[in-house]
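A short worksheet on the structure shown next.
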Amino acid sequence: MYKNKITRALLMGAGLSLALAGCGDKPAEKQATQPAPQPEAKKEESSNKLAEVQELVRGNGAEVATIDPHKSQGVSESHVIRDLLEGLVNQDADGNTIPGVATHWETTDNTSFTFHLRKDAIWSNGDPVTAHDFVFSFKRAVDPATASPYSWYLEYSKMKNAKAIIAGEADKETLGVKAIDDHTLQIDLESAVPYFVMMMGHTTVKPVHQATVEKHGDQWTKPGNFVGNGAYVVDNWVVNERLVLKRNEKYWDNENTTLNKVTFLPIENQVAEMNRFLAGEIDFTYELPNEHYKRLKSEHPESLSIVGNLCTYYYIFNTKKKPFDDVRVRKAISYAIDRNIVSDAILGQGQKPAYFLTPEITAGFNPETPEYGKLSQAERDAQAAKLLEEAGFGKDNPLKFTLLYNTSENHKKIAVALGSMWKKTLGLDVTLENQEWKTYLSTKDSGNFEVARAGWCGDYNEASSFLTLMKSNNTTGGIHYDSAEYDAIMAKALTSTSEEERTKLYLEAEQLLAKDMPLAPIYQYVKARLLSPKVGGFPANNPEEKIFSKDLYMKAE
C-alpha cells in the first residue's frame with residue numbers, strides 16, 4: 001500500500017495500521033464481491049519519532065459553503081466533510097476502496113448489495129452508528145425538499161426509485177435502501193452497477209445524525225450543534241478566516257489517529273498562501289501561484305509536490321443562449337484556444353492539453369483524441385475563423401461575450417490569456433467577470449452566464465464519473481447542454497453489464513461532445529502544492545486526491 005519506505009517506517013512508528021483492508025470495489029461481473037479483510041493490528045513502534053505537537057494547518061482554497069454533505073458540491077467542502085463524516089467506505093493512500101463504517105460487503109449480481117457495519121462505530125455524542133442512519137441520510141439526499149445539488153449522484157448509482165423520487169414522482173420512502181438490522185444495510189439498484197461500492201465513498205452518501213438534523217434544521221452544522229461520526233468534529237468556525245477541527249475521541253479508530261487538531265484556511269490568493277507557507281504558518285497549500293513555480297522548484301524543491309490528478313479544466317457554453325446555441329460559434333471559440341500555451345507556458349507544472357473531458361489516467365479508459373485535437377494550432381485557428389464567418393461574425397460584426405470565472409489569480413491568468421488569443425485570432429471582444437465561489441456557483445447553475453470557467457474532478461475512478469456530468473438533468477453541467485442523443489448514450493452505458501460495451505459507449509459519448517462542443521476542454525490537472533517535509537502519510541499516489549487527516553501525522557524535526 002505504501003510505496004515509500006520512509007512513510008512506511010514512520011507509519012509503523014506512529015502505530016498506524018498499514019493495511020486497512022483489501023479493495024472489495026471491483027467485483028467480477030456476475031460474481032460475488034469478496035468481503036473486505038479486517039484492519040491489521042496496530043504495528044509496533046520503530047525508532048522514528050513523531051512531533052510532540054500533532055496539529056496541522058492546511059490551505060483550502062475558497063471559503064467552505066457548507067459542511068452538510070447533502071448540500072455541498074465543492075472540492076473545498078469535500079476536504080472538510082471527509083474528516084467530519086465517515087461513509088460506508090473510505091480510500092487508502094493509493095486510491096483503493098477500503099472499509100469505512102462498513103467492515104465488508106457482498107453482492108451476487110451487482111444489483112443488490114449488503115453492507116455489514118462495524119459495531120464499534122459511534123457518533124460524537126455517544127450514539128451508535130446504525131444502518132438506520134444511512135437509510136435516513138440516503139432518503140434525505142434524494143428528497144426534493146432537501147434540494148441537494150448532488151441528488152443526481154444517487155440517481156446515477158441506479159439506486160432503486162432514486163430518479164422518480166428526485167423528480168417528485170415517488171415518495172422518498174420507496175428508495176431502494178433498508179436496514180435489515182442495526183448493523184446490516186441492504187441497497188437495491190434498478191440495474192447492475194459493478195463499480196457501485198466505489199461510488200459509496202462520495203461526500204453525498206455520507207451519513208448525518210437524524211436527531212441532530214431534525215432538532216436544529218439548517219443550523220445543525222454549527223460548532224455547538226454538530227454531531228459527526230468521522231475522526232474529527234467542528235471546534236471553531238470563523239467565516240472567511242478559519243475552520244478548526246479537533247479529535248473525535250469517540251471515533252472507532254481514534255487509537256490510530258495521530259493529529260489532534262486540523263485547521264482549514266480559506267485563501268483564494270495563491271501568492272498569499274505561498275507566503276504563509278514559506279513563513280511556516282501552513283503545512284501544505286491548496287495550490288501554487290503559477291508564476292512562482294520555477295522559483296519554488298529551484299529554491300524549495302523539498303517542499304514542492306506535483307502529482308497526477310483525476311480532474312479536467314474546461315470552459316462550458318450555455319447552449320440555450322444566443323449565439324452559443326450555434327455549434328459553429330462554440331467550436332470556433334474552442335478551436336482557437338492554444339492549449340499548449342496554457343499547459344506549458346502559463347501553468348508549466350506537467351499539465352496535459354485536453355481535447356476530451358475524461359482524463360487519460362481514469363482507470364480502464366483510454367479516450368481517443370478527436371480530429372480537431374490532431375491538427376496544428378494554425379490549422380485549428382483557420383477552421384475557427386471559417387466557422388465564425390459562417391455563423392455571421394467577422395471584423396464588421398465581432399462576437400462579444402462575457403466569460404465568468406470564480407475568484408482565483410490562476411483562473412484570472414488563464415482567462416486573460418485566452419481573451420488575448422481570441423482577440424488576436426478571431427477579433428473577439430471578451431469581458432471577464434469574476435465572482436466569489438458561492439455567487440459563481442449560483443450564477444452558473446442557474447444558467448445566468450454565456451461562457452463559464454469550470455473544472456471537474458472524478459467522484460470515483462471510472463469514466464462515468466466525468467461523462468454523467470453532461471447529462472441533461474445534471475444541474476452542474478448537462479443542463480446547459482440538454483442533448484437527448486447524449487442522454488441516450490449514457491443511459492445505455494449505465495445500464496450495461498458488459499465492460500466492453502460500456503467502454504465503447506463512453507467513447508461514443510466523448511465523440512459526441514467533440515461534435516457538439518457544449519464545453520471546451522482545456523487541460524488535465526496535476527495537483528501542484530507546497531507540502532512541508534514534516535507532514536507524514538500524505539497520499540501522493542491517490543489520483544482523486546482524497547486526503548484523510550486521520551492518516552496524516554507530523555514528524556519530529
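The values are calculated or read from the model by the stated rules, or taken from the named source; none is laboratory data. Note that the coordinates shown come from a computational prediction; the quantities given were computed from them, not determined experimentally. Heads up, the Cβs are rebuilt from the backbone with ideal geometry, glycines too, and the neighbour counts pull from every protein chain shown. Protein only, heavy atoms only, side chains kept; ligands, DNA and RNA dropped before computing areas. Shrake-Rupley method; radii C 1.70, N 1.55, O 1.52, S 1.80 Å.
Taking the range 120-147 on its own, how many of its residues are among the polar types (S, T, N, Q), surrounded by fewer than 19 Cβ atoms within 10 Å (Cβ to Cβ) and either within 24 Å of the chain's Cα centre (by Cα) or at pLDDT below 95 (or both)? Walk me through it before giving the result.
The first filter runs over the range 120-147 and keeps only residues among the polar types (S, T, N, Q), leaving 124-125, 130, 137, 146.
Among the residues that remain, those that are also surrounded by fewer than 19 Cβ atoms within 10 Å (Cβ to Cβ) are: 125, 146.
Checking which are either within 24 Å of the chain's Cα centre (by Cα) or at pLDDT below 95 (or both) leaves us with 146.
The qualifying residues number 1.
Checking residue 401 against (1) among the aromatic types (Phe, Trp, Tyr); (2) out of contact with any Gly (no Cβ under 8 Å at 6 or more places or on another chain); (3) more than 21 Å from residue 510 (Cα to Cα); (4) part of a helix (DSSP H, G or I), which test does it fail?
Looking at each condition in turn, residue 401 falls short on (4).
Which residue pairs have Cβ atoms under 9 Å apart, sit 6 or more places apart or on different chains, and have a first residue in the range 512-531 that is of a type in the set (S, T, N, Q) and a second that is open to solvent by 20 Å² or more (accessible area, probe 1.4 Å)?
The qualifying pairs are 524/308; 524/352; 524/353; 524/360; 524/361.
Going residue by residue through the range 217-237, is there one that turns out to be surrounded by fewer than 20 Cβ atoms within 10 Å (Cβ to Cβ) and touching a Gly at 6+ places or on another chain (Cβ under 9 Å)? Before you say what the answer is, go through the steps one by one.
If we filter the range 217-237 for residues that are surrounded by fewer than 20 Cβ atoms within 10 Å (Cβ to Cβ), which is where we start, we get 217-220, 222-225, 235-237.
Next cut, touching a Gly at 6+ places or on another chain (Cβ under 9 Å) only: none.
Checking the range 217-237: not a single residue is surrounded by fewer than 20 Cβ atoms within 10 Å (Cβ to Cβ) and touching a Gly at 6+ places or on another chain (Cβ under 9 Å).
For residue 441, state whether it is in a strand (DSSP E or B) and either more than 20 Å from residue 62 (Cα to Cα) or of a type outside the set (Gly, Ala, Ser) (or both). Write out each step before concluding.
Details: in a strand (DSSP E or B): no; either more than 20 Å from residue 62 (Cα to Cα) or of a type outside the set (Gly, Ala, Ser) (or both): yes.
Considered against the rule, which asks whether it is in a strand (DSSP E or B) and either more than 20 Å from residue 62 (Cα to Cα) or of a type outside the set (Gly, Ala, Ser) (or both), residue 441 comes out as no.
Please enumerate the residues belonging to the range 91-117 that are open to solvent by 10 Å² or more (accessible area, probe 1.4 Å) and in contact with a Pro (Cβ under 7 Å, 6 or more places away or on another chain).
Of everything in the range 91-117, those that are open to solvent by 10 Å² or more (accessible area, probe 1.4 Å) and in contact with a Pro (Cβ under 7 Å, 6 or more places away or on another chain) turn out to be 93, 95, 104, 106.
In the range 189-202, which residue that is within 23 Å of the chain's Cα centre (by Cα) and open to solvent by 10 Å² or more (accessible area, probe 1.4 Å) is nearest to residue 150 (Cα to Cα)?
Filtering the range 189-202 for residues within 23 Å of the chain's Cα centre (by Cα) gives 193-202.
With open to solvent by 10 Å² or more (accessible area, probe 1.4 Å) added as a condition, the list becomes 194-195, 198, 201-202.
Details: 194: 21, 195: 18, 198: 16, 201: 14, 202: 10 Å.
Among residues in the range 189-202 that are within 23 Å of the chain's Cα centre (by Cα) and open to solvent by 10 Å² or more (accessible area, probe 1.4 Å), the one nearest to residue 150 (Cα to Cα) is 202.
Please indicate, with yes or no, whether at least one residue in the range 325-347 is over 26 Å from the mean Cα position of the chain (by Cα), open to solvent by less than 10 Å² (accessible area, probe 1.4 Å) and of a type in the set (Phe, Trp, Tyr).
The answer is no; no qualifying residue exists.
Check off (1) open to solvent by 10 Å² or more (accessible area, probe 1.4 Å); (2) assigned to a strand (DSSP E or B) for residue 529 and give me the number that stays unchecked.
Only one criterion in (1) open to solvent by 10 Å² or more (accessible area, probe 1.4 Å); (2) assigned to a strand (DSSP E or B) is unmet by residue 529, namely (1).
Across the range 155-175, what is the total count of residues that are at pLDDT 95 or above, closer than 21 Å to residue 462 by Cβ and open to solvent by less than 20 Å² (accessible area, probe 1.4 Å)?
The total comes to 2.
Does the range 272-301 hold any residues that are closer than 19 Å to residue 346 by Cα and not in a helix (DSSP H, G or I), and which are they?
286, 287, 288, 289
Taking the residues in the range 408-437 that are open to solvent by 50 Å² or more (accessible area, probe 1.4 Å) and among the β-branched types (Val, Ile, Thr) as candidates, determine which candidate is nearest to residue 521 (Cα to Cα). Full working, then the answer.
Keep residues of the range 408-437 that are open to solvent by 50 Å² or more (accessible area, probe 1.4 Å), which gives 409, 412-413, 416, 420, 423-425, 429, 431-434, 436.
Pick out the ones that are also among the β-branched types (Val, Ile, Thr) and you get 416, 425, 431.
On the way: 416: 17, 425: 19, 431: 20 Å.
Looking at residues that are open to solvent by 50 Å² or more (accessible area, probe 1.4 Å) and among the β-branched types (Val, Ile, Thr), I get 416.
Which of the residues spanning the range 259-271 are within 25 Å of the chain's Cα centre (by Cα) and either under 20 Å from residue 90 (Cβ atoms) or in a loop (DSSP other than H, G, I, E, B) (or both)?
Start the filter on the range 259-271 by keeping residues that are within 25 Å of the chain's Cα centre (by Cα), which leaves 259, 261-271.
Correct list: 259, 262, 264, 266, 267, 268, 269.
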